[in-house]
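The values are calculated or read from the model by the stated rules, or taken from the named source; none is laboratory data. Only a predicted model underlies this, so the values are computations on that prediction, with no experimental measurement involved. No Cβ is skipped: glycine too gets one built from the backbone with ideal geometry, and neighbour counts run over all protein chains shown. Surface areas here come from the heavy atoms of the whole protein model, side chains and all, with no ligands, DNA or RNA. Shrake-Rupley method; radii C 1.70, N 1.55, O 1.52, S 1.80 Å.
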Amino acid sequence: MSDPLDAYSSTVSSVAAELMPKVASVRADRGSGSAVVFTTDGFLLTNAHVVGSSRSGTVAFADGSASDFVLVGRDPLSDLAVIRAEGATPAPAVLGDSDGLVVGQLVVAVGNPLGLAGSVTAGVVSGLGRSLPVGGRLIEDVIQTDAALNPGNSGGALADARARVVGINTAVAGVGVGLAVPVNSTTRSIIAALIRDGRVRRAFLGLVTSPAPLPEALRARTGQRQALRVMEVVPGSPAARAGLRAGDLVLSAGRNPVGDAQSLQRLMFAEAIGRPLPITVFRNGALVDVIAEPVELETV
């Protein structure tokens, strides 16, 4: 199309047409919002805060159909939950990979706050790697968008121009600022654990970190461009017992390079609990190796 607005409108309209039937309105005893069908056998993905402590409720779709659902599992630390409809559901949405997103990329937010009329807004990715405070903890690596959101859209889809779900809308952080939990390899691990066990067992290290670029000399030495700056070490935590300090640059954990929140997060699942975790940091001009032993994170 010669008119850029027509091309933009066509993209948004096609994404909306693809996803609106697959995004449900959720009504639970303790919450409400939206959810996205992601399997052929009735599993839907939503926010943990949408279902709250409810074990069941109803989902309604844009075609007027409705069904009871049961809670499969919820994970407050990622603000994700999986529910399962007891009746028929539309064909599933395609889950994408948020790791391929770039700032400025077009995204479309699709929710279903009323059950019969979907809500569609569009915008761009305005930030990546943000942190979202939830219940006294931080959800790391969230997507920031300027696509307008409202509370009823929580649990709905954030999609790319090909209608692939790259995030689950979770919060309105201010005027023109919406946040979404990314859909990536870490999310898939969480979803698999929720379906299998109903919960997510996590390892706790006790670090608060922020991505930081490496000095040029260290880049040449390690082949890395970025690491994680330790902003805080939780007193008495495995990281503290291992001797990690605020100001350290974490280069690797488990012998894997780390350069963003997700690269460390993906190591902090059940298999890491109680096992030695080698960590290499850059401190005072030298590489320092330590061994930490993560413990199981206690959740409410």
Of residues in the stretch 167-221 being surrounded by fewer than 21 Cβ atoms within 10 Å (Cβ to Cβ) and of a type in the set (D, E, K, R), the one farthest from GLY33 (Cα to Cα): ARG221
Which listed residue, of GLY127, GLY123, GLY100, is open to solvent by 40 Å² or more (accessible area, probe 1.4 Å), over 24 Å from ASP41 (Cα atoms) and within 22 Å of the chain's Cα centre (by Cα): GLY100
Residue satisfying all of: in the stretch 245-269; in contact with a helix residue (DSSP H, G or I) (Cβ under 7 Å, 6 or more places away or on another chain) and part of a loop (DSSP other than H, G, I, E, B); surrounded by the most Cβ atoms within 10 Å (Cβ to Cβ) among these: VAL258
Top-ranked residue of the stretch 289-299 - restricted to ones that are at pLDDT 85 or above and open to solvent by 40 Å² or more (accessible area, probe 1.4 Å), ranked as nearest to ALA217 (Cα to Cα): ASP289
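Identify all residues within the stretch 75-86 that are open to solvent by 20 Å² or more (accessible area, probe 1.4 Å) and either under 17 Å from GLY156 (Cβ atoms) or at pLDDT below 95 (or both); write none if there are none.
Result: PRO76, LEU77.
Yes/no matrix, rows are residues, columns are (1) touching a strand residue (DSSP E or B) at 6+ places or on another chain (Cβ under 7 Å); (2) open to solvent by 20 Å² or more (accessible area, probe 1.4 Å); (3) not in a strand (DSSP E or B):
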residue	(1), (2), (3)
GLY243	yes, yes, yes
GLU271	no, yes, yes
THR280	yes, yes, no
LEU287	yes, yes, no
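Any idea which of ARG225, ARG219, ARG202, ARG229 is of a type outside the set (Gly, Ala, Ser) and either modelled with pLDDT of 95 or more or under 19 Å from the mean Cα position of the chain (by Cα) (or both)?
Of ARG225, ARG219, ARG202, ARG229, the one residue that is of a type outside the set (Gly, Ala, Ser) and either modelled with pLDDT of 95 or more or under 19 Å from the mean Cα position of the chain (by Cα) (or both) is ARG202.
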Tabulated pairs, the stretch 118-137, first under 17 Å from SER14 (Cβ atoms), second open to solvent by 50 Å² or more (accessible area, probe 1.4 Å) and modelled with pLDDT of 65 or more, C-beta under 6 angstrom, 6+ apart or interchain: GLY118/MET20; THR121/ALA148; GLY123/ASP146
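Restricting the search to the stretch 175-212, which residues are in a strand (DSSP E or B) and under 14 Å from GLY127 (Cα atoms)?
VAL177, GLY178, LEU179, ALA180, VAL181, PRO182, PRO211
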Residues (surrounded by 16 or more Cβ atoms within 10 Å (Cβ to Cβ), under 18 Å from ALA192 (Cβ atoms) and of a type in the set (Val, Ile, Thr)) located in the stretch 22-72: VAL36, VAL37, THR39, THR46, VAL72
